[in-house]
DNA sequence: TTGGAATGTCAACAAGGCTGACATAATATG
DNA sequence: CATATTATGTCAGCCTTGTTGACATTCCAA
């Protein structure tokens, strides 16, 4: 991509690929991810939940009626681990698990009213952080941010990400 | 980003701040972070270590002679948690802990040869992932990526990040 | 009818967070 | 000098969230 041009004004100097630049990028990811999760973590702690619950709630909200298996693929954990989280959410009345209609082995997962309320609280807080960062950085930086993140994903995760995108 | 919507040249259309855009950014962070940690995680698992060990090794390598307290501030964990990790690294001969010269209460931490070797293996793998993503995305995207990440950090983390930057 | 898929559940274990309490050594402060 | 504070280490115990392995149930499909 745009490597060759020696006289291009775009800055093809490859200086952005030095080990030092890459290391800074690694550290930026580390510190930024801390900020990214900080606000939801606080809310979750109040309710006695953790990040695992947040992830389940997020993707159930994103794809209502999704199956356990689909969630497993997206989250990349074992069914035992996910099941423990789902069980507590179901017991607490935040998630509803309905037997599948087409295939009765499957369970379709939905947020209840209370589940949706917690999801809204979590995602409002997390979006506020993102909005502030986006606004500070500006639209061009945001486009670059998204491009790099997508290039950083494993192919399978990129597929999931794309599937969520089109599911708007 | 040529968001040439309403005819305004600057592209201040704010479309990049919609809840939908923010949600995509949140999911991109989630999936990308998985990729970001995947390669080191594999290497660490072979050696019986985890991400906590990686973090300690990374920042000791980054700031040789750093104190335990400084590491605590950067990593944002309790001393008990960090100590458990440091102890195993010291016992295994990857980290050396020297009594401070100026203040003998402090311990100055250094990587041993073997510690540096593991650090190199981990950071080479992680840099390779970053390099691939950076190269795919291009220098302008990388600049935006870094800008957004920095804006996403908590102020205190941003201070630590900046301190590491100048410590080049 | 039988094999396999999807799901749930039990048990056990480990990493890595956390709090609280306490010990030690060294510095800082009165 | 006496005392307080700081830096560090350590022990004990708890929680979340990941893991593996084993096994039961239900149900689709060949």
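Readers should treat all values here as calculations from the given coordinates under stated rules, not as data from a laboratory. These numbers were taken from a predicted model, which means no experiment stands behind them. Because the Cβ atoms are built from the backbone with ideal geometry, glycine has one as well, and the counts that use them run over all protein chains shown.
Filtered by the rule that a residue be part of a strand (DSSP E or B) and over 14 Å from residue B:61 (Cα atoms), the stretch B:75-98 gives a lone residue, B:98.
With respect to residue B:143, determine if the residue is in a helix (DSSP H, G or I), more than 16 Å from DNA strand C (Cβ to nearest atom) and more than 7 Å from chain A (Cβ to nearest Cβ). Talk me through it step by step, then tell me what you get.
On the way: in a helix (DSSP H, G or I): yes; more than 16 Å from DNA strand C (Cβ to nearest atom): yes; more than 7 Å from chain A (Cβ to nearest Cβ): no.
So residue B:143 does not fit the description; no.
Can you tell which of B:91, B:96, B:121 is farther than 22 Å from residue A:32 by Cβ, touching a residue at least 60 places away in the same chain (Cβ under 8 Å) and more than 12 Å from DNA strand C (Cβ to nearest atom)? None of the other options fit; the residue is B:121. Scan the stretch A:92-140 residue by residue and report those that are more than 20 Å from the chain's Cα centre (by Cα), within 25 Å of residue A:47 (Cα to Cα) and within 14 Å of chain B (Cβ to nearest Cβ). Hits for the stretch A:92-140: nothing passes. Select from the stretch B:112-139 the residues that are surrounded by 21 or more Cβ atoms within 10 Å (Cβ to Cβ) and under 17 Å from residue B:94 (Cβ atoms) and list them in ascending order. B:115, B:118, B:122, B:123, listed by residue number. Quick one: would you say residue A:149 is in a helix (DSSP H, G or I), within 12 Å of DNA strand D (Cβ to nearest atom) and within 14 Å of another protein chain (Cβ to nearest Cβ)? The answer is no for residue A:149.
Considering the stretch A:42-73, and only residues there that are in a loop (DSSP other than H, G, I, E, B) and within 12 Å of DNA strand D (Cβ to nearest atom), the residue that is surrounded by the most Cβ atoms within 10 Å (Cβ to Cβ) turns out to be A:49. Residues in the stretch A:74-106 that are in contact with a helix residue (DSSP H, G or I) (Cβ under 7 Å, 6 or more places away or on another chain) and within 11 Å of DNA strand D (Cβ to nearest atom): A:75, A:76, A:79, A:82, A:85, A:86, A:89.
If the condition is being touching a strand residue (DSSP E or B) at 6+ places or on another chain (Cβ under 8 Å) and either away from DNA strand C (no atom under 16 Å from the Cβ) or in a helix (DSSP H, G or I) (or both), then the stretch A:99-118 contributes only A:115.
Say whether the condition of being under 21 Å from residue B:43 (Cβ atoms), surrounded by 16 or more Cβ atoms within 10 Å (Cβ to Cβ) and within 20 Å of the chain's Cα centre (by Cα) is met by at least one residue in the stretch B:141-155. Break it down stepwise before answering.
At the first step, the residues of the stretch B:141-155 found to be under 21 Å from residue B:43 (Cβ atoms) are none.
Within the stretch B:141-155, not a single residue is under 21 Å from residue B:43 (Cβ atoms), surrounded by 16 or more Cβ atoms within 10 Å (Cβ to Cβ) and within 20 Å of the chain's Cα centre (by Cα).
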